[in-house]
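The block underneath contains the structure these notes are about, expressed in structure tokens.
We did not get these values from a lab; they are worked out from the coordinates using the rules stated. Since we're looking at a predicted model, the values are computed, not measured. Don't worry about glycine lacking a Cβ; one is built from the backbone with ideal geometry, like all the others, and counts go over all protein chains shown.
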Amino acid sequence: MASMHPEQQYLDLLRDVLENGQGKSDPHGVGSIAVCGRQMRFDVSQKFPLLTTKKLFFKFILHELLWFLSGDSHTDYLKKNGVTIWDEWATKEATAKYGREEGDLGPIYGPQWRHWKKRNGGEIDQIENLIAGLKEHPDWRRHMVTAWNPEDVDNVFVAPCHGIFKCFAVNGELSLHMFQRSADVFLGVPYNIASYSLLLMMIAQVTGMKPKEFIHTTSDTHIYNNHFDQAQEQLTRTPKSFPTVTLNPNITNIFDFKYDDFTLHNYEADPSIKAPIAI
């Protein structure tokens, strides 16, 4: 009996929300249907889970992740590299609401990962601590990074959606489990899957381990009302073989990775499906 294509998990999630989701309002005024508490698992030891039933833009995924890891909050780096996925939240009008200049998104993922503010002054570099901890004490249960800072969630236009991730190391293999409070299943989740799978591969390489599994847990798992037709269209498509990604094997410090250190191989996908961002 042939095994199920791993992308089928995502298609099943789309169908689950469409069939079982309950109507909810949202701050954007768009409306959505949602279910609570779902999980997908992707083996990244051989293939890279970049969805094939609609084309995703690997360039955007990689540049955004490198931007997060830099600790930056300003969209200048993204703009210089042609990445537009944060533009709607970085306008002059949006940032002015929080007393910031255009392009400055404030204490979102990068600043929380790399520059968490301590109560008594100073900062915590959670990524640096994570790497050191995995190298020194791989069996510990505290290899966790959080972007959810209660003091800052009301000081940004979009509070972190994928707020917490934890690494699990055993027998030289590394898995990563991410908890997402708010999951935009049609638009955002495909990119989240790829981004955290890529992060897992990077962490595994610099800690001398092999990447194993990305586990993705979503809480408020929703499809916006203006994405129904697009989701239905995607469900008519059949997954193709996942691609692979290779990393420059000479990189041993996670902060030394650059865009050209990654190569995507054999990515074949159906055409992209356009949908509006809820904002």
Subject >> Subset of region 21-36 (residues that are assigned to a strand (DSSP E or B) and under 17 Å from GLY188 (Cβ atoms)) >> reply: LYS24, SER32, ILE33, ALA34, VAL35, CYS36
**OP:** Take region 234-268 and flag every residue that is surrounded by fewer than 15 Cβ atoms within 10 Å (Cβ to Cβ) and acidic (Asp, Glu).
**Re:** ASP256, ASP260, GLU268
Original post:
Looking at this structure, is LYS47 of a type in the set (Lys, Arg), surrounded by 14 or more Cβ atoms within 10 Å (Cβ to Cβ) and assigned to a helix (DSSP H, G or I)?
Top reply: no
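Conditions tested, residue by residue: (1) more than 9 Å from the chain's Cα centre (by Cα); (2) farther than 20 Å from ASP12 by Cβ; (3) not hydrophobic (A, V, I, L, M, F, W, C).
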residue: PHE165; (1), (2), (3): yes, yes, no
residue: ASN171; (1), (2), (3): yes, yes, yes
residue: LEU187; (1), (2), (3): yes, no, no
residue: PRO190; (1), (2), (3): no, no, yes
residue: ILE193; (1), (2), (3): no, no, no
residue: SER197; (1), (2), (3): no, no, yes
residue: MET201; (1), (2), (3): yes, yes, no
**OP:** Working only within region 66-104, note down all residues that are assigned to a loop (DSSP other than H, G, I, E, B), farther than 30 Å from GLU7 by Cα and free of Cβ contacts under 8 Å to residues at least 24 places away in the same chain.
**Re:** ALA90, THR91, GLY99, ARG100, GLU101, GLU102
Original post:
Which of the residues belonging to region 44-65 are under 14 Å from HIS5 (Cα atoms) and of a type in the set (D, E, K, R)?
Top reply: LYS47
Original post:
Which one is nearest to PHE48 (Cα to Cα), of the residues in region 245-265 that are among the aliphatic types (A, V, I, L, M) and outside any loop (DSSP other than H, G, I, E, B)?
Top reply: VAL245
Original post:
Cβ-Cβ below 8 Å, separation at least six or inter-chain, first residue in region 7-34 and surrounded by 15 or more Cβ atoms within 10 Å (Cβ to Cβ), second part of a helix (DSSP H, G or I) and aromatic (Phe, Trp, Tyr): which pairs?
Top reply: LEU18/PHE228
